[in-house]
1. Within region 38-49, how many residues are in a helix (DSSP H, G or I) and either over 14 Å from residue 109 (Cα atoms) or out of contact with any strand residue (DSSP E or B) (no Cβ under 8 Å at 6 or more places or on another chain) (or both)?
2. For region 96-111, what are the residues that are modelled with pLDDT under 90 and either in a loop (DSSP other than H, G, I, E, B) or over 16 Å from residue 34 (Cα atoms) (or both)?
3. Show the residue pairs that are 6+ apart or on different chains and have beta-carbon atoms under 9 Å apart, the first residue being within region 102-124 and on the phi > 0 side of the Ramachandran plot and touching a residue at least 40 places away in the same chain (Cβ under 8 Å), the second being surrounded by 10 or more Cβ atoms within 10 Å (Cβ to Cβ) and part of a loop (DSSP other than H, G, I, E, B).
4. Please go through region 36-68 and give me each residue that is farther than 19 Å from residue 89 by Cβ and either loosely packed, with under 15 Cβ neighbours inside 10 Å or under 14 Å from the mean Cα position of the chain (by Cα) (or both), ordered by number.
5. Please indicate, with yes or no, whether at least one residue in region 74-82 is in a strand (DSSP E or B) and either closer than 14 Å to residue 38 by Cα or in contact (Cβ under 8 Å) with a residue 40 or more places away in the chain (or both).
6. In region 20-32, is there at least one residue being in contact with a helix residue (DSSP H, G or I) (Cβ under 7 Å, 6 or more places away or on another chain) and modelled with pLDDT of 90 or more?
7. Might you let me know whether region 125-133 holds any residue that is at pLDDT 80 or above, over 17 Å from the mean Cα position of the chain (by Cα) and over 12 Å from residue 41 (Cα atoms)?
8. Going by what's in this entry, would residue 63 be described as at pLDDT below 90 and assigned to a strand (DSSP E or B)?
């Protein structure tokens, strides 16, 4: 009976390792999470140093972009986080992140698009008006 339990435990351990191990075709990160290795192209609204500082304080960035993590998860998170930052500033940005295998840097291309702002609306010189509900951007 003890031998059967030991064999079962060994099989379960091997299964757990096989499930947790990354797929062999999946590319893994090998470098640190240092935001200094990010290269930006097309950034005009934000300072690159501000983006790097925000990422250096972002726990999820450090968890997903640490060595031995899947590369695609890191690239997807960078795109999502930066798109969210641009949306907060009123822009519909398009981003594409990819790893430059020769240099080990992550290259991020940004299309910032138009910035939309909402503010106080003042109407002068009219005696009649009707409320029009504008759709949110």
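1. Number satisfying all stated conditions: 1.
2. Those that are modelled with pLDDT under 90 and either in a loop (DSSP other than H, G, I, E, B) or over 16 Å from residue 34 (Cα atoms) (or both): 101, 102, 103, 104.
3. Partner pairs satisfying both residue conditions: 104/30; 104/31.
4. Within region 36-68, 36, 39, 56, 59, 60, 62, 63, 64, 65, 66, 67, 68 qualify.
5. No, the conditions are met nowhere in region 74-82.
6. So far as region 20-32 goes, no, none of its residues is in contact with a helix residue (DSSP H, G or I) (Cβ under 7 Å, 6 or more places away or on another chain) and modelled with pLDDT of 90 or more.
7. Checking region 125-133: not a single residue is at pLDDT 80 or above, over 17 Å from the mean Cα position of the chain (by Cα) and over 12 Å from residue 41 (Cα atoms).
8. Criteria not met by residue 63.
The values are calculated or read from the model by the stated rules, or taken from the named source; none is laboratory data. Note that this is a predicted model, so its numbers are computed, not measured. Positions of Cβ are backbone-derived with ideal geometry, glycine not excepted, and every protein chain shown enters the neighbour counts.
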